[in-house]
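Presented below is the structure to which this report refers.
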Amino acid sequence: MHDVIVVGARCAGATVAMLLARRGYRVLCVDQASFPRDAVSTHMLRQGGLARLRDWGLLDRLIATGCTPITSITMSYGDARFAGFADPIDGIAETYAPRRIVLDALLQDAARAAGVDLREGITVLDLVREGETVTGIVGRDRDGHLVTEHARLVIGADGYASTVAKLTGAEKYEVIAGETFTAYSYWTGLDIQSQLRIGDEQAVGGWPTHDGKTLIWCVQYVDRFAEFRTDVERNFHLAFKETAPDLAELLDSGERAERFTIARYPENFYRESHGPGWALVGDAGYHKDPFTGLGISDAFTYADLLAERAHEGLSGARPLSEALADYQAQRDKSSKPMYRFTCESSRLVLPDKHVEVMRALPSSPAHTTQWFRMMAGGLSGREFFAEANMRALFDAAGRKSS
Ligand SMILES: Cc1cc2nc3c(=O)[nH]c(=O)nc-3n(C[C@H](O)[C@H](O)[C@H](O)COP(=O)(O)OP(=O)(O)OC[C@H]3O[C@@H](n4cnc5c(N)ncnc54)[C@H](O)[C@@H]3O)c2cc1C
């Protein structure tokens, strides 16, 4: 009998398992995958996520893996172009884009070091129940044997297509359709910092990762998906030529070092994330378009919150059901502004007001810093777009505030 079973062993699962084991709980964490195994991702780890890693004693380990620090972003939207970076958020002055094969292994090692029984190659197929309450899992191991395990709490950290969510019947809410797809690969021979260029219903960009490799990506509307796939190489370069000709030239000076990965983005949603004996965390409970690069950082933030609330319930400090309801309510409240911002900006057509602001930003380094702070989740849209702040920006740009 375990205290907690976590299904899924990546950003959300390995993390919540580690945090509960560090509090003294007996934790089993299972994943259908065998690691090390890469994940589809563009890797951006924001300041909020890095601050959590620092708090858990893992940031220095990540930096020691040789991941290139990112301290500058060049952004453009049509003729508006500017560069800068957020001032330190939560004491973190740079970002990183670690390969998932490195990041996930680091989290899994930390979970095992904390005492988690982390088992690979186990696919969860069903839940064990006593009445309405979930009390365990039924899975199949690599040899095809059925495995049944029991716990006081089962946490689904098994991604946006969560099996635990399906088995508990957890309902989605605030659903917003996914409208885009991405294609990406890795280049050697480039020396660039973060690039984010938005053009005519498409975006291109890139940033450094590990081993001298630079991730290079493009995003387009899903109605171009079928045509894009007929000639990925050509269409990828065309997207750069149309959106950021300077970057298109730069790509020609380097060399593509890996095959292309192409992925359609699923819909954005929240899911009911708790019930008798179970909870959801990470993409399983709250999934959004990767455009703002917040999925991993949010997985850390809400794994932390869930571990705290689960501890309250499991230790008897308050009823578990009340503590888990509080987890969901707090997660929803604190994530909602960036959820909306992410869903809006991932449409790749920004409101006129934002475009005017972006055109004015090169005149004000202070506002440019604020803009990047807002994009990283360190400043609310309400604060940034406040009337007095906009007046100061447009004054700096020598224009009249509208
Ligand atoms: C193209 C793309 C680009 C992205 N770029 C970024 C980015 O730049 N920055 C960012 O922060 N986020 C990005 N994201 C989002 C980010 O990858 C996710 O938010 C993050 O991986 C969520 O972590 P998770 O642990 O919740 O789920 P996952 O990483 O999906 O892990 C779920 C795990 O559960 C396991 N599992 C599933 N079902 C079962 C089962 N039945 N039994 C056992 N195990 C199971 C899987 O094997 C998997 O290992 C991107 C996503 C995509 C698709």
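The values are calculated or read from the model by the stated rules, or taken from the named source; none is laboratory data. In this text the structure is predicted, and so the values were computed from the model without any measurement. Neighbour counts run over all protein chains shown; Cβ positions are idealised from the backbone, glycine included. Accessible surface areas use protein heavy atoms only, side chains included; no ligands, DNA or RNA. Shrake-Rupley method; radii C 1.70, N 1.55, O 1.52, S 1.80 Å.
Set the bar at 18 Å for Cα to Cα. Now go through Lys288/Lys336; Lys172/Lys333; Lys288/Lys333; Lys213/Lys288 and name every pair that lies beyond it. From Lys288/Lys336; Lys172/Lys333; Lys288/Lys333; Lys213/Lys288, over 18 Å: Lys213/Lys288.
In this structure segment 352-396 gives 48 Å² per residue of accessible area when probed at 1.4 Å with all protein chains present. Solvent exposure of segment 180-264 amounts to 44 Å² per residue of accessible area, where only protein heavy atoms count and the probe is 1.4 Å. Loop-located GluC sites (Glu not before Pro) across segment 99-165 with a Cβ neighbour count of 14 or fewer within 10 Å are Glu132, with loop assigned by DSSP. Centroid-to-centroid, using Cα positions, segment 87-148 and segment 327-402 are 35 Å apart. Among beta bridges from DSSP that stay inside the chain, the antiparallel ones total about 70%. Across the chain, Cα pairs under 8 Å and at least six residues apart give a relative contact order of 21 percent. Working value for the chain: equivalent-ellipsoid semi-axes of 38, 24, 20 Å, each the square root of 5 times a Cα gyration tensor eigenvalue, largest first. Take Ser76: with every protein chain present and a 1.4 Å probe, its accessible area is about 10 Å². For segment 288-333, the per residue solvent-accessible surface stands at 35 Å², with DNA, RNA and ligands left out and a 1.4 Å probe. Work out, in µm²/s and without decimals, the Stokes-Einstein translational diffusion coefficient of segment 1-111 at 4 °C, 1.567 mPa s, Rh from Kirkwood over C-alpha pairs. The estimated diffusion coefficient comes to 83 µm²/s. For Thr135, the residues whose amide H sits under 5 Å from its own are Val128, Arg129, Glu130, ignoring neighbours fewer than 5 places away on the same chain, with H placed 1.01 Å from N. Here the Karplus curve 6.51 cos²θ - 1.76 cosθ + 1.60, taken at θ = phi - 60°, turns the phi angles of segment 166-178 into couplings of 4, 6, 8, x, 4, 7, 8, 8, 6, 7, 10, 4, x Hz, with x standing for Gly and Pro. Annotation: average projected area of segment 224-295 is 7.2 square nanometres, based on the convex hull of Cα atoms across all directions. Could you tell me what percent of the accessible area of the chain is made up of carbon and sulfur, with a 1.4 Å probe and every protein chain present? The value for the chain is 48 percent carbon and sulfur by accessible area.
Per-residue SASA remark: Asp326, around 50 Å² accessible (1.4 Å probe; ligands, DNA and RNA not included). In the context of the full protein assembly, Asp87 retains an accessible surface of approximately 70 Å², using a probe radius of 1.4 Å and ignoring ligands and nucleic acids.
The listed peptides 169-179, 380-390, ordered by packing as a protection proxy, come out as 169-179, 380-390 (highest mean of other Cβ atoms within 10 Å first). Cross-link partners of Lys353 among aspartates and glutamates, defined as those whose alpha carbon lies under 18 angstrom from its own and excluding same-chain residues fewer than eight positions apart: Asp79, Asp200, Glu201, Glu344, Glu383, Glu387, Asp395.
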